[in-house]
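The values are calculated or read from the model by the stated rules, or taken from the named source; none is laboratory data. Because the structure is predicted, anything quoted here is derived from the model rather than measured. Cβ placement follows ideal geometry from the backbone for every residue including glycine, while neighbour counts extend to all protein chains displayed. Surface accessibility is based on the protein's heavy atoms, side chains included, excluding ligands, DNA and RNA. Shrake-Rupley method; radii C 1.70, N 1.55, O 1.52, S 1.80 Å.
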Amino acid sequence: MDKRDRRSIFIGAGANLPHPSYASPRDTLQAALLELDRRQTRVLRYSPWYSTAPVPASDQPWYVNVVAEVDTDLTADGLLHTLHDIEELFGRIRSVPNAPRLIDLDLIDFRGEIAAGGAGKATLPHPRMAERAFVVRPLADLAPEWRHPISGLAIGDLLAALPADQRACRF
Ligand SMILES: Nc1nc2c(c(=O)[nH]1)N=C(CO)CN2
């Protein structure tokens with residue numbers, strides 16, 4: 001990986017409920033990510049947008065998922081708080097894990113930093129990202145040279161290791 005790659009920051013975004021103010025979950029996510037521009041953060045690139053079956057499998061609506069590369073003047077914890085603020089602005093209600101949601105913004109990787117997390121602090125890289133095709137696949141599209149900061153595994157190998165049912169993402 002070159003120097004620039006290690007400086008990259010990736011955010012995963014997902015939604016599977018329609019927001020009353022937006023035409024589709026994709027529009028909700030697009031508007032939410034544009035909010036970052038007003039918070040010392042710039043979206044540089046988007047992965048392709050994916051429509052993905054809910055994980056774990058359930059009869060919830062399918063999700064829209066995307067990964068964005070951003071740059072920011074904030075720290076990792078500052079960016080995490082900003083993502084939570086934007087989730088609240090867009091009506092996210094934190095209920096039970098894996099409940100259907102209007103919006104979910106996750107900090108996936110912050111410049112390769114490794115952090116254990118804890119009250120109000122970012123866990124880095126995102127602790128469940130490697131198990132989630134809805135993150136791994138768009139990240140592989142966006143940054144094929146990316147490696148997991150802890151395991152050192154290449155994103156392509158993480159994708160190949162995912163269960164076949166999860167790999168059934170589609171555009
Ligand atoms: N396909 C898909 N499944 C999920 C997602 C998501 O974004 N996409 N988010 C979840 C909670 O973080 C739980 N399950």
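Report, by residue number, each residue of the stretch 150-163 that is open to solvent by 60 Å² or more (accessible area, probe 1.4 Å) and either within 15 Å of the ligand (Cβ to nearest atom) or closer than 25 Å to residue 115 by Cβ (or both).
Residues of the stretch 150-163 open to solvent by 60 Å² or more (accessible area, probe 1.4 Å): 150-151, 153, 157, 160-161, 163.
Within the stretch 150-163, 150, 151, 153, 157, 161, 163 meet the criteria.
For the stretch 88-121, name all the residues that are among the hydrophobic types (A, V, I, L, M, F, W, C) and out of contact with any helix residue (DSSP H, G or I) (no Cβ under 6 Å at 6 or more places or on another chain).
Initially, the stretch 88-121 is screened for residues among the hydrophobic types (A, V, I, L, M, F, W, C), giving 89-90, 93, 96, 99, 102-103, 105, 107-108, 110, 114-116, 119.
Matches in the stretch 88-121: 89, 93, 96, 99, 102, 114, 115, 116, 119.
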Being of a type in the set (S, T, N, Q) and within 16 Å of the ligand (Cβ to nearest atom): is that true of residue 41 here? no
Assess whether residue 105 counts as being among the hydrophobic types (A, V, I, L, M, F, W, C), away from the ligand (no atom under 12 Å from the Cβ) and under 19 Å from residue 138 (Cα atoms). no
Which one of these is modelled with pLDDT of 95 or more, closer than 24 Å to residue 137 by Cβ, more than 16 Å from the ligand (Cβ to nearest atom) and open to solvent by less than 60 Å² (accessible area, probe 1.4 Å): 36, 74? 36
The one condition in (1) over 29 Å from residue 18 (Cβ atoms); (2) surrounded by 12 or more Cβ atoms within 10 Å (Cβ to Cβ) that residue 144 fails to fulfil: (2)
So, in the stretch 113-127, exactly how many residues are modelled with pLDDT of 95 or more, outside any strand (DSSP E or B) and either open to solvent by 30 Å² or more (accessible area, probe 1.4 Å) or within 13 Å of the ligand (Cβ to nearest atom) (or both)? 4
